[in-house]
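J.: I'd like to ask some things about the structure below.
The values are calculated or read from the model by the stated rules, or taken from the named source; none is laboratory data. The shown structure was predicted, so the numbers you read here are calculated from the model rather than taken from an experiment. Because the Cβ atoms are built from the backbone with ideal geometry, glycine has one as well, and the counts that use them run over all protein chains shown. Side chains are part of the model used for accessible areas, which takes the heavy atoms of the whole protein and leaves out ligands, DNA and RNA. Shrake-Rupley method; radii C 1.70, N 1.55, O 1.52, S 1.80 Å.
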Amino acid sequence: MKLTIIGTGYVGLVTGACLPDVGNHDCCLDLDQAKIARLERGEIPIYEPGLEGVVAHNVRAGRLRFTTDVAESVGHGTVQMIAVGTPPSEDGSADLSHVLAAARNIALHMDGYRLVVTKSTVPVGSCERVYREIARVLAERGAELPYDCASNPEFLKEGAAVDDFQKPDRIIVGIHAAAQRDRALDLLRDLYAPFQRNHERLLVMDAASSELSKYAANAMLASRISFMNDLARLAEAVGADIEKVRVGIGSDPRIGSQFLYPGAGYGGSCFPKDVRALLRSGDERDIELDMVAATERVNERQKHLLAHRVIERFGEDLAGRSFAIWGVAFKPSTDDVREAPSLVTAERLVRAGALLRVFDPVAMPNFVARLAELGLEHAVTACESAYDTLDGADALLIHTEWKEFRSPDFEAICARLERPLILDGRNLYDPRRLAAMGIDYVPIGRSPEATGRDLG
C-alpha cells in the first residue's frame, strides 16, 4: 500500500518508518527543510531506541522516502495520515492549525480518492473539522472528488515507540459518519493486518469515541501517577512505606502494577498537554472534570518537590551552593525534556542563586537549550559523566531513572560530594542500605520509621 505521512515528529517518523517494514511504501512530508535534509542524510532528529535502524533499512529497500513537496506527497498515497503537532493554546486547548492546514493541502492537490486519517492527538470533533475543511477546499476548486476521513490515534510510549507500533496491544479506528464505511475500513484493516496476525486487535468505533479514547487513556494513566504521589505524602506523614503500599495494591489484578510509581511528577509531550486539553474540552461544554483537574493540580505541586526539599535543607538563599542532578529527560530512553520536572527544579534553584552540575545520557542538549530560553544556562555545567557532577556539590538530586543510575558506586558518591546527601525523585535505592553507609538519603513516600523496620 502507498501511504503519505504528514509530519516527521515522534508519531509521524515512527509511523512512517514502521509501516514499510511490512512492505508498504511511505512518503513522509515535513515543511521543515532542515529536518528533511537531515533525514535524507540518515540522521534521526529525535532519540528513540531502534528507530535509526528501521529508517535506514527501509530507505535502503526503497520503501521509505522524505520530501518537502506537498503536491508530491499528496500524489503518492491513497491513505494520507496526518501526524503533525497539536501544541497547547494559551487556554490549554489543542491547537489544530497544523492539522487543518494539512487537510487543506490534501484537498488542494488530490486528484482522486483519498482516505484522510488523523493520527495526531486531537479533541473530539476534529475528524469532523478535517472532513468539512476538505469539503470546503474542494468546493472552492470546483472539484467533485471522493474522500473519506477516519481517526486512528497512536498509543506509543517514548522510549519504546518502535516496539509499541510493531506489537500493538490495540488499534483504534474511528470512521467518520459520512465516510464510505466499507471502503475506509477495508483499507485500514488491510493496512494493520500484518500487525495483528496472532489475534484481532482492531477496535472499530465512531470518530468521536476514537478521539476521546486517546485523551481518556492518557488522563487515566496520569491520574494513577498523581494518586500515588498524593499517597506518598500521606505515607511520609503516617510512617508508612509507599513502596510497600505500591506492591500491596498493585498485586490486586483489578488495579495492576503499572503507573503506580511515585516520583517527582510526570512530564513529556503527552500527559500534561492531553490532560489540559481534556479539561478545556469539558470547560467548553460546562462540564467540570474534577478528577482530571485534581490530577493536574497534584502533578504541578509534585514537580516542585525536590527544589522544595533543597530549600528546606539549605534555605531560600542558595548563593554559593552547588547541586548535582542525575537525569533531566522526563523519562528514561528519550531525549525529551518537554514539561520535565527537572526544568522546574533547575529554574527554582538557579533563581535562588545555586549552581548546577548536570548529567543525562542523551537529553543534555535539549535541557541546556531550554534553560537558555529562560536565560539560566550560565548557572549550569553539562558534565561528561554522572560522577563528574558530584565534585563539590552540596547534594545529589535524581530526576530520571536511567538504568545506569540504579546501582552506582556509593563510596565514590560520598567521596566527591561535600556531604553525603541524596534527594531521590524516583526511589531508586534501599533506604536501609544507604543509612548503614552513613548516607542521608531522602526518597519519596518512604518514612524512616517504615523502611527501618526489620519484619523478617
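J.: If each Cα of the range 60-199 is one equal point scatterer, what is log10 of I(q)/I(0) from the Debye formula at q = 0.11, 0.20 Å⁻¹?
T.: So the normalised log intensities are -0.44, -1.37.
J.: Note the count of lysine pairs whose C-alpha atoms are less than 22 angstrom apart in the chain, limited to pairs 8 or more residues apart or on different chains.
T.: Taking the chain as the scope, the lysine pair count is 23.
J.: So for Y131, Y113, what's the accessible-area order with a 1.4 Å probe, most first?
T.: The most accessible residue leads, giving Y131, Y113.
J.: Further question: What number comes out for the charge environment of T68, summing +1 per Lys or Arg and -1 per Asp or Glu over other residues with Cβ under 13 Å away?
T.: So the environment of T68 carries a net charge of -2.
J.: Counting only heavy atoms of the protein chains, get the accessible area per residue of the range 369-456 (1.4 Å probe) and round it to a whole Å² value.
T.: For the range 369-456, the per-residue accessible area is 49 Å².
J.: Based on Cβ point charges of +1 for Lys and Arg and -1 for Asp and Glu, what charge dipole magnitude is obtained for the chain about its Cα centre, in debye rounded to the nearest 20?
T.: The dipole magnitude comes to about 600 debye.
J.: Hey, what D do you get for the range 274-325 in µm²/s if you plug the Kirkwood alpha-carbon radius into Stokes-Einstein at 25 °C and 0.890 mPa s?
T.: It diffuses with D of about 181 µm²/s by this estimate.
J.: With the dipole of the range 295-449 worked out from charges on the C-beta (+1 for Lys and Arg, -1 for Asp and Glu) around the Cα centre, which of A393, F405, L371 lies farthest toward the positive end?
T.: F405
J.: Quick check: Cα centre of the range 1-75 to Cα centre of the range 309-363, how many Å?
T.: Between the Cα centres of the range 1-75 and the range 309-363 lies a distance of 35 Å.
J.: What 222 nm value per residue comes from the helices of the chain, counting each DSSP H run with n ≥ 4 as -39,500 (n - 2.57) and dividing by all residues, nearest 500 deg cm²/dmol?
T.: Taken over the chain, the calculation gives -13000 deg cm²/dmol.
J.: For D186, what accessible area in Å² do you get when you roll a 1.4 Å probe over the heavy atoms of the protein chains, rounding to the nearest 10?
T.: D186 has an accessible surface of roughly 90 Å² with all protein chains in place.
J.: At what distance in angstrom do the alpha carbon centres of the range 226-281 and the range 380-407 lie from each other?
T.: 25 Å
J.: Ignoring ligands and nucleic acids, what accessible area does E377 show with a 1.4 Å probe (Å², nearest 10)?
T.: Solvent-accessible area, nearest 10 Å²: 80 Å².
J.: If the only charges are +1 at each Lys and Arg Cβ and -1 at each Asp and Glu Cβ, what is the size of the charge dipole of the range 150-216 around the Cα centre, to the nearest 20 debye?
T.: Roughly 120 debye for the range 150-216.
J.: Note down the accessible area of T451, probe 1.4 Å, to the nearest 10 Å².
T.: Surface open to solvent at T451 totals about 10 Å².
J.: Whole number in Å², please: accessible area per residue of the range 198-307, 1.4 Å probe, ligands, DNA and RNA not counted.
T.: About 49 Å² of surface per residue is accessible.
J.: Within the set of other residues whose C-beta is less than 11 Å from the C-beta of A178, count the net charge using Lys and Arg as +1 and Asp and Glu as -1.
T.: That works out to 0.
J.: Here's something else I'd like to know. Over the Cα atoms of the range 48-118, what Rg and Dmax result, in angstrom?
T.: According to the Cα coordinates of the range 48-118, Rg and Dmax are 15.0, 45 Å.
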